[in-house]
Each structure stands twice: as C-alpha cells, then as structure tokens.
2 protein chains.
Amino acid sequence: MVDPVERRRHLAEAVWRVVRREGLERASVREVAREAGVSMGSLRHYFDDQSELLTFAMRMVIERVEHRVAVLQVPDDPRLAAGRVLAELLPLDPERRAENEVWLAFTARALVDPQLRALRDEAYDLLRNACRRWVRVLLPTGTTEPGVDLETERLFALLDGLAVHAAMRPEQSSAEGLLAVLHHHLDQITASPRPAPEGLL
Amino acid sequence: MVDPVERRRHLAEAVWRVVRREGLERASVREVAREAGVSMGSLRHYFDDQSELLTFAMRMVIERVEHRVAVLQVPDDPRLAAGRVLAELLPLDPERRAENEVWLAFTARALVDPQLRALRDEAYDLLRNACRRWVRVLLPTGTTEPGVDLETERLFALLDGLAVHAAMRPEQSSAEGLLAVLHHHLDQITASPRPAPEGLL
DNA sequence: GCGTTACTAGCACGACTGTGCTAGATACTG
DNA sequence: CAGTATCTAGCACAGTCGTGCTAGTAACGC
C-alpha cells in the first residue's frame with residue numbers, strides 16, 4: 001500500500017515528537033505507536049525492536065541535515081560560502097530547532113549507549129571535518145597545522161555551544177543573534193574582511 | 001550517628017555514579033540505593049521522593065562548581081584572572097569531568113522537566129553573567145553594549161561547546177587542548193579593537 | 001476462485017518502576 | 001531503666017516497560 005520507507009520515516013517522526021514533548025526516556029514502543037496512531041504490533045512490523053526504532057530516528061536527523069547542506073547553493077567567495085554552510089548548522093528556523101532538540105536528546109543518551117554513540121561519533125567527525133575545511137580556507141595561507149587545529153576546535157565548539165544554548169533558552173536565542181555571533185567569529189578568523197553582505201538569512 | 005547533610009551528599013554521589021555509568025534514566029530509587037549500599041526505605045528517609053533526590057544531586061553540581069570558583073586565588077591582572085576563573089569551568093581533571101558529565105545529563109532532562117529546568121536556568125544565568133563580566137573587563141574600554149553582548153554570547157557558547165565535546169570525546173579532548181582554545185580566544189578578545197557590528201541579541 | 005505475502009491489532013509474560021506502608025533496630029533523653 | 005525520636009529494612013501495590021506470540025485483515029499474483 002504505502003511505501004515502507006515512507007512509513008518508517010512517518011514512525012520516526014512520531015519518535016521526534018515524543019522526544020521533544022516528553023523526552024527520550026518516554027519514547028517507549030507503546031507511546032510512539034500511540035503518537036503515530038498505530039498499534040504496537042504494526043510498529044513492530046517496521047522495526048524489530050526499540051533499539052532499531054531509535055537508531056533510525058537518530059540517523060534521520062543526520063540525513064536531514066546532510067541533505068540540506070548538500071542541496072545548498074554556495075557562493076564562490078569563500079567567506080560567504082562558509083557563512084552560508086555553517087549557518088545551515090544553526091537552529092535558525094522551527095525545522096532546524098526540532099532537529100537540534102532531538103539531536104541533543106540522542107547525543108545525551110549516546111553518553112551511555114554504545115549503539116547511539118557510534119552514530120554520534122560518525123556525525124561529529126563529519127562536522128569537525130567540515131569546520132576544518134572552512135577554517136583552512138579562511139585562515140591566512142601559511143598558517144601552521146596546530147593553528148588550524150586550534151581554530152577548528154574553536155569553531156566547532158562555538159557552533160555546538162550556540163546550538164545547545166538555542167535548545168535550552170529559545171526565548172533568549174534569536175536567529176539574528178545566532179547569525180551575528182557566527183559571522184562575527186568568521187570575520188575574526190578571516191584574513192581579509194568580508195565582501196559586501198548578501199541578503200538572505 | 002552520621003551528619004544527615006553528609007548522608008544526603010553521600011547518596012547524591014551515588015546518583016552521580018549511576019548517572020555516569022548508566023544514564024539518568026537508570027537512576028531509579030532502587031538502583032541508587034543499591035549503589036549507595038543502603039535499602040530503599042533508608043534512602044527515602046533522607047529524600048521524600050525521587051524528584052527530591054535528583055534535584056538535590058543536580059544542585060550539588062552547581063554548588064561544587066561555585067565553591068571551587070569562590071575559593072580561587074585570582075591574579076590582579078585582568079587577562080590572567082579571566083583565564084584562571086574561566087579555566088575552572090572546563091573539565092580539566094577527573095573531578096571536573098565527572099561534574100561535567102553529570103551536568104550534561106541533567107540539562108538534557110531539563111529540556112522536558114520543569115523542575116530541573118528552573119535549576120538549570122538559575123545556573124546558566126550565573127554563567128552568562130560571569131562571561132559578561134570578564135568580557136567587559138577584557139574588551140577595549142568604550143566598546144558598545146551590543147558589542148559586549150555579542151562577545152558574551154560567543155564566549156559563553158564556546159565554553160559550553162568545549163565542555164560538551166570534552167564529555168562526548170574525552171580521548172580527543174586533552175586539558176592542554178581545552179586550555180589552548182580558551183586562552184587563544186581570550187587573547188583575541190583582548191587584542192581586538194572591536195567596532196560594534198549591527199548585532200542585536 | 002485460491003494462495004501467499006504484507007500488514008495490523010492486541011494479548012500475555014516477566015521485569016522494572018515509584019511510593020505507601022509497617023516493623024524492627026539503633027541512639028539519645030529523661 | 002524506660003521512652004522517644006531517628007534510622008534502616010523491605011514488602012505490596014499499581015503502573016509501565018519490551019517483546020514473543022497468535023490471529024485477523026487487506027493486497028496481490030495466478
């Protein structure tokens with residue numbers, strides 16, 4: 001009847017809603033089935049056990065972010081390109097705020113769940129490498145490798161810190177504020193000043 | 001027999017151990033009592049219910065950090081003082097790493113638990129104000145208020161991001177590395193003749 | 001039509017949960 | 001010594017949990 005892949009996504013979105021509303025510890029098989037409007041038996045036809053359901057829901061966060069970055073139109077200018085790509089990782093709109101909150105819940109559990117930890121590490125290596133690439137582009141040519149490492153860790157930590165704060169205090173954390181901090185930081189690590197700003201976001 | 005305050009701290013430390021080892025969702029009354037080597041009934045003599053036990057354990061994280069900062073000997077030089085105080089907030093040794101991991105678990109639950117959220121907000125306002133104070137000292141005199149806001153949010157996010165990364169990837173996050181990033185950042189704030197950007201926050 | 005597969009529904013079991021409760025042990029006051 | 005407050009221990013209840021399991025329904029090839 002319905003595409004089974006789409007059905008799994010539908011169920012994973014029910015996981016997201018439960019996680020945001022009541023926390024990951026309340027994302028039981030029963031609760032998720034109820035949220036999705038199906039029976040436990042039906043849910044378990046698509047996911048063999050709870051672990052598979054949760055890892056799928058977590059992986060979907062990664063895939064959504066990857067997809068958004070992949071289809072991004074990036075300017076030629078390095079500074080502008082860095083701003084655009086890295087801004088995509090900030091929780092600037094409701095969709096990204098949802099992903100961010102869910103991601104936070106899963107990474108917290110990853111501290112004690114080896115299965116989720118593997119997923120988290122995979123995603124964080126991607127993020128770290130992305131930071132490194134943009135740092136390398138922005139820093140003056142000839143910057144030593146330790147210098148690149150330092151700025152990579154700083155940018156990486158800044159992005160995650162902003163995301164964490166945005167999740168915890170959404171009312172204190174506007175999209176404009178997040179972008180202002182990001183662009184200020186990128187300006188400061190860029191050798192040459194940013195060219196004329198471009199409109200959106 | 002034993003000081004009841006000390007007894008509560010002892011039990012809260014059992015909470016910490018369980019949280020670090022198995023996660024906050026496994027910190028049941030039974031499990032904590034077992035970890036502390038007492039019976040459920042005995043534990044419940046000191047804490048009326050689970051909620052009180054957990055909030056006490058979370059509050060103890062805040063108090064430990066506050067105490068460490070309070071007894072700190074700070075140099076007169078502002079730059080050195082900022083480095084010393086802010087370094088105290090990083091997970092540089094096993095004791096602080098433990099606090100950091102536990103804190104992370106509690107803040108994650110605070111996303112869906114109003115009681116813990118109040119505690120978290122209280123602590124984060126303290127941290128933010130601390131960041132603001134040191135930013136104000138380090139930035140050139142005459143920096144506009146939006147400029148202070150911007151640098152405060154940046155420093156605050158950087159500190160939390162470093163702590164989060166340290167908890168998630170302890171093997172990739174040495175004390176030297178954390179300190180290098182912090183001091184590099186403080187140096188750059190101090191050196192920068194910051195023109196006020198358009199930033200609002 | 002029949003048969004096979006995909007899907008849905010939900011019961012049942014054993015394990016674990018928080019908390020109300022009673023009862024025994026220990027320590028201190030008089 | 002007795003009496004009382006403090007502390008410890010653990011049972012009992014009602015609830016939720018994951019998952020194994022059976023049975024019923026819909027869709028499809030033939």
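What the table below lists for this structure:
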| quantity | calculated |
| --- | --- |
| Top-ranked residue of the stretch B:10-39 - restricted to ones that are more than 14 Å from chain A (Cβ to nearest Cβ) and open to solvent by 80 Å² or more (accessible area, probe 1.4 Å), ranked as nearest to DNA strand C (Cβ to nearest atom) | B:ARG30 |
| Elements of type helices (runs of 4 or more DSSP H) in the stretch A:1-112, at least 3 residues being within 24 Å of A:LEU127 (Cα to Cα) | A:4-22, A:50-70, A:78-87, A:94-110 |
| B:ALA105 open to solvent by 10 Å² or more (accessible area, probe 1.4 Å) and touching a residue at least 12 places away in the same chain (Cβ under 8 Å) | yes |
| Pair list, Cβ under 8 Å, 6 or more apart: the stretch B:24-48 residue in contact (Cβ under 8 Å) with a residue 60 or more places away in the chain and not assigned by TED's automatic domain parsing to the domain that holds B:PRO4, other residue of a type in the set (Asp, Glu) and within 8 Å of DNA strand C (Cβ to nearest atom) | none |
| Residue in the stretch A:46-69 that is more than 14 Å from chain B (Cβ to nearest Cβ), open to solvent by less than 50 Å² (accessible area, probe 1.4 Å), more than 13 Å from DNA strand C (Cβ to nearest atom) and touching a Ser or Thr at 6+ places or on another chain (Cβ under 7 Å) present | no |
| Test for B:LEU158: is it assigned to a loop (DSSP other than H, G, I, E, B) and either farther than 23 Å from A:ALA105 by Cβ or not assigned by TED's automatic domain parsing to the domain that holds B:VAL18 (or both) | no |
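Residues are listed down the side, and each one gets a yes or a no for (1) touching a Phe, Trp or Tyr at 6+ places or on another chain (Cβ under 9 Å); (2) away from DNA strand D (no atom under 16 Å from the Cβ); (3) within 13 Å of chain B (Cβ to nearest Cβ):
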site: A:GLY41; (1), (2), (3): no, no, no
site: A:GLU95; (1), (2), (3): no, yes, no
site: A:LEU104; (1), (2), (3): no, yes, yes
site: A:PRO114; (1), (2), (3): no, no, yes
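The values are calculated or read from the model by the stated rules, or taken from the named source; none is laboratory data. Worth saying up front: this structure is predicted, and the values here are computed from it rather than measured. So basically every Cβ, Gly included, is an ideal-geometry build from the backbone, and we count neighbours across all protein chains shown. When the accessible area is computed, the model is the full protein with side chains, heavy atoms only, and any ligands, DNA or RNA have been set aside. Shrake-Rupley method; radii C 1.70, N 1.55, O 1.52, S 1.80 Å.
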